[in-house]
Amino acid sequence: MKHFILFILCLTTATAVAQPPARRNAEAQAAAQSKTTTTQGSAYRDFPTAPSMPDDAAWRRDIYLSLDLTKDANAVLYYPTTPTDGRENLFTYLFKLLLRGELKAYDYKLDGNEDFSESNRVKVTDLMDRYHIFYETKGEKVRVSDSDIPSEEVKLYYIKVSRYYDQHTSQFRTSVSAICPVLKRGDDDFGGTDAQYPMFWVKYSDIAPRLSKLQLMSSNLNNAAMMSADDFFMSASYEGDIYKTTNLQDRILANYCETDSALVKEQKRINKEMNDFQDRVWGRDSVAMAKAAAEKALADSIAATEKSSKRSARRTTTSRRSSASVSSSSSSSSSKESSSSSSRSSRSATISVRRQRH
């Protein structure tokens with residue numbers, strides 16, 4: 001038995017040694033390359049780490065935001081408009097997923113509500129025909145050049161956000177459920193102003209695993225600072241304006257806000273309602289409250305000190321004025337007494353002189 005085991009070991013060693021050197025080198029290089037190209041880190045995870053919104057959430061408020069990509073906070077989704085050095089913006093990434101059939105797009109309706117039913121699904125060729133995007137077909141394959149993808153014209157996004165209270169974890173969370181890219185193009189019929197064309201809705205749950213692989217440059221000062229598109233939306237790093245809420249009348253804010261100032265006032269009111277509800281549930285953070293109380297106490301102390309100093313200054317000024325008036329009155333009275341005494345003496349001198357002459 002021992003001799004048989006030794007024979008097998010010798011045969012295996014001889015087989016390994018008998019391999020050509022070029023083959024051994026190729027295998028070693030392939031193994032090394034697989035180790036170096038293995039994707040690691042949170043930016044390359046296959047699934048998002050954010051917990052999904054429970055169906056039995058105790059409280060939820062659905063709002064629709066418009067993300068203006070000209071703002072600095074949202075510009076990370078806009079640049080680069082043309083793919084360069086392996087980097088591309090959000091719309092280019094989504095559009096290529098649609099071309100490869102890896103993503104479903106749903107038509108944007110006039111009421112602005114998202115409809116993720118199969119009957120509302122839209123084909124990518126219909127989208128390109130509708131928005132005049134040049135493409136080439138070869139059999140069942142559709143090809144679009146990077147320069148023909150209208151990523152530069154997508155300067156706005158509509159997103160549906162749900163702010164909810166998870167009673168299972170006793171936490172308030174923010175969850176994005178839908179995204180809609182919006183084209184902005186000039187229209188000669190309207191004096192050359194940019195007209196907005198919402199293109200399609202996509203479910204965020206469909207694109208979240210893929211957005212974790214889209215790297216975005218998150219800083220102008222540090223070009224090595226990168227973050228995934230999924231992290232951008234999960235951390236609510238965007239800045240958006242409320243244009244609609246889920247309500248019984250299904251109205252957007254522009255329907256009942258006649259002026260821009262009224263629109264801004266209504267947006268602030270809705271945000272305050274959500275923040276006030278959160279404060280009523282479990283209050284503000286104790287550290288923040290203590291800090292705010294200390295700052296208020298310091299401000300009150302400074303105000304009281306300034307007020308007392310102003311009072312003392314007024315009292316000093318009043319006393320100086322009274323002393324000055326007393327001194328002036330005494331000097332005037334003394335001058336009057338001296339003048340009266342001098343007049344008396346002159347009178348007596350005159351009388352005495354007259355008596356001497358007689």
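Residue 246 to residue 310: FRET efficiency via 1/(1 + (r/R0)^6), r the Cβ-Cβ distance, R0 56 Å, to the nearest 0.05? It would help to have the intermediate numbers written out before the result.
On the way: r = 54 Å, r/R0 = 0.96.
Working from the Cβ atoms, E equals 0.55.
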(message) Between residue 293 and residue 79, what's the calculated FRET efficiency when r is the beta-carbon distance and R0 is 45 Å? Round to 0.05.
(response) 0.55
(request) Compute the FRET efficiency between residue 59 and residue 225 as 1/(1 + (r/R0)^6), taking r as their Cβ-Cβ distance and R0 = 30 Å, and round to the nearest 0.05. (result) 0.25
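Ranked from highest to lowest mean number of other Cβ atoms within 10 Å per residue, what is the order of the peptides 226-233, 64-71, 211-218, 245-252? Please list the in-between numbers first.
Details: 226-233: 20.9, 64-71: 17.1, 211-218: 18.8, 245-252: 11.2.
Most protected by this proxy first, the peptides run 226-233, 211-218, 64-71, 245-252.
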(message) From the phi angles alone, apply the Karplus equation (6.51, -1.76, 1.60; θ = phi - 60°) to region 119-135 and give each ³J(HN,Hα) in whole Hz, x where the residue is Gly or Pro.
(response) 5, 9, 6, 10, 7, 5, 5, 5, 5, 5, 5, 5, 10, 6, 9, 6, 8
(request) Can you check what the net charge comes to around residue 133, using other residues whose Cβ is under 14 Å from the Cβ of residue 133 (Lys, Arg +1; Asp, Glu -1)? (result) -2
(request) Please go through region 73-117 and write out the trypsin sites (Lys or Arg not before Pro) that DSSP classes as loop and that have at most 15 other C-beta atoms within 10 Å. (result) 100, 109
(request) Determine the gain in length on full extension of the stretch residue 52-residue 302; use 0.36 nm per residue of separation and subtract their C-alpha separation, reporting nm with one decimal. (result) 85.1 nm
(message) Beyond a 30 Å Cα-Cα separation, which of these cross-linked pairs lie in this structure: 104/265; 109/155; 155/213; 96/265?
(response) 104/265; 96/265
(request) Could you run the Karplus curve 6.51 cos²θ - 1.76 cosθ + 1.60 with θ = phi - 60° over region 228-241 and give me ³J(HN,Hα) per residue in whole Hz, x for Gly and Pro? (result) 7, 5, 5, 5, 4, 7, 5, 7, 6, 7, 7, 10, x, 10
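Order of 260-269, 198-207 by packing, highest average Cβ count within 10 Å first? Let's see the in-between values first.
Details: 260-269: 12.6, 198-207: 20.1.
My ranking of the peptides, most packed first, is 198-207, 260-269.
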(request) Obtain the nm distance between the two label points defined at residue 110 and residue 235 by a simple spin-label model: each point lies 7 Å from its Cα along the Cα-to-C-beta direction. (result) 4.2
(request) Note down the Stokes-Einstein diffusion coefficient of region 62-151 in µm²/s, whole number, using a Kirkwood radius over alpha carbon pairs, 4 °C, and 1.567 mPa s. (result) 87
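Just by accessible area at a 1.4 angstrom probe, what is the order of 77, 99 from largest to smallest?
Details: 77 0, 99 45 Å².
Correct descending sequence by accessible area is 99, 77.
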(request) Taking the Cβ of residue 60 as the centre, find all other residues whose Cβ is under 14 Å away and add up their charges (Lys, Arg: +1; Asp, Glu: -1). (result) -1
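The values are calculated or read from the model by the stated rules, or taken from the named source; none is laboratory data. Note that the structure is predicted; figures quoted are calculated from it, not measured. Neighbour counts run over all protein chains shown; Cβ positions are idealised from the backbone, glycine included. Just the protein is used for accessible areas: all its heavy atoms, side chains included, with ligands, DNA and RNA removed. Shrake-Rupley method; radii C 1.70, N 1.55, O 1.52, S 1.80 Å.
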